[in-house]
Amino acid sequence: GSRRASVLAFRRRANPIQSVIAPMQINLSTQLPCSLTEVVAQVRTPRLLRQVASPLLSFSPLTPSEFPSTWSEGTYWVRLKLFGLLPIGRQAIVISYPQAGNALAFMLRDNGYSPLISKWDHLITAQEVSGGTLYRDRVTIEAGILTPAVWLFARLFYAHRQRRWATLAANGFNY
């Protein structure tokens with residue numbers, strides 16, 4: 001009875017496959033040379049997503065059939081293409097706006113998923129700091145046995161996004 005259950009529990013914890021498929025997280029931040037107000041105005045737009053993701057990923061709306069001018073809370077299904085050419089499937093972008101802890105911060109959450117990725121939970125936090133805005137991406141990924149490969153791609157993708165954000169902010173978001 002209980003001895004068998006504890007042995008099974010130990011085996012589950014000690015199983016290297018289990019540790020491979022555990023959720024993986026990314027935490028990246030960068031300081032942007034612009035106001036929190038500017039960051040909030042930009043991060044609320046699908047246009048900005050397309051700009052910072054390019055040319056690595058492109059997003060085409062499926063449901064609804066067109067992107068809104070600003071994200072409302074809800075689910076948006078998109079088709080993804082790597083480098084704008086190679087179809088890599090569809091993804092749900094699930095937007096919500098959690099309450100930030102104070103008036104000098106903003107949060108946007110995309111608790112997304114796809115047929116292959118059971119969790120792509122992306123929390124954007126922007127906080128006013130001296131000289132600009134601290135922009136932070138925190139992403140938790142679960143994709144079964146594919147988790148390490150998806151995590152590696154996501155790590156590269158979010159570093160790319162933050163470089164694009166910094167360039168856009170430095171140029172007054174002229175795009």
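The values are calculated or read from the model by the stated rules, or taken from the named source; none is laboratory data. Treat the numbers as computed from the prediction; the structure is a model and nothing was measured. Cβ atoms come from the backbone with ideal geometry, glycine included; neighbour counts cover every protein chain shown. Only protein heavy atoms, including side chains, enter the accessible area calculation; ligands, DNA and RNA are left aside. Shrake-Rupley method; radii C 1.70, N 1.55, O 1.52, S 1.80 Å.
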Checklist outcome for this item: Inside the range 36-72, the number of residues satisfying the requirement of being open to solvent by 50 Å² or more (accessible area, probe 1.4 Å), among the small types (G, A, S) and closer than 17 Å to A169 by Cβ is 1
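Which of the following residues is of a type in the set (D, E) and surrounded by fewer than 18 Cβ atoms within 10 Å (Cβ to Cβ): E142, E128? Don't jump to the end; show me each part of the working.
Details: E142 fails: surrounded by fewer than 18 Cβ atoms within 10 Å (Cβ to Cβ).
Step by step, each of E142, E128 is checked, and only E128 is of a type in the set (D, E) and surrounded by fewer than 18 Cβ atoms within 10 Å (Cβ to Cβ).
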Next on the checklist: Exactly one condition in (1) open to solvent by 40 Å² or more (accessible area, probe 1.4 Å); (2) part of a helix (DSSP H, G or I); (3) in contact with a strand residue (DSSP E or B) (Cβ under 7 Å, 6 or more places away or on another chain) is false for R136; which is it?
Outcome noted: (2)
Checklist outcome for this item: Here the qualifying pairs (Cβ atoms under 6 Å; residues six or more apart or on different chains; first in the range 87-103 and outside any loop (DSSP other than H, G, I, E, B); second among the basic types (K, R) and open to solvent by 30 Å² or more (accessible area, probe 1.4 Å)) come out as P87/K81; R90/R79; S96/R109
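Name every residue in the range 83-98 that is within 16 Å of the chain's Cα centre (by Cα) and either at pLDDT below 95 or open to solvent by less than 70 Å² (accessible area, probe 1.4 Å) (or both), in order of residue number. Step through it out loud before you land on a result.
Of all residues in the range 83-98, those within 16 Å of the chain's Cα centre (by Cα) come to 90-98.
The answer is Q91, A92, I93, V94, I95, S96, Y97, P98.
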Checklist outcome for this item: Log entry, pairs with first residue in the range 65-76 being more than 15 Å from G112 (Cα to Cα), second being part of a loop (DSSP other than H, G, I, E, B) and open to solvent by 40 Å² or more (accessible area, probe 1.4 Å), beta carbons closer than 6 Å, six or more apart or on different chains, reads T70/R44
Checklist outcome for this item: Of L156, L152, L146, the only residue that is in a helix (DSSP H, G or I), more than 16 Å from the chain's Cα centre (by Cα), over 18 Å from C34 (Cβ atoms) and among the hydrophobic types (A, V, I, L, M, F, W, C) is L146
Item to check | A22, sole failed condition from (1) open to solvent by less than 80 Å² (accessible area, probe 1.4 Å); (2) modelled with pLDDT under 95; (3) assigned to a helix (DSSP H, G or I); (4) closer than 22 Å to T140 by Cα | outcome: (3)
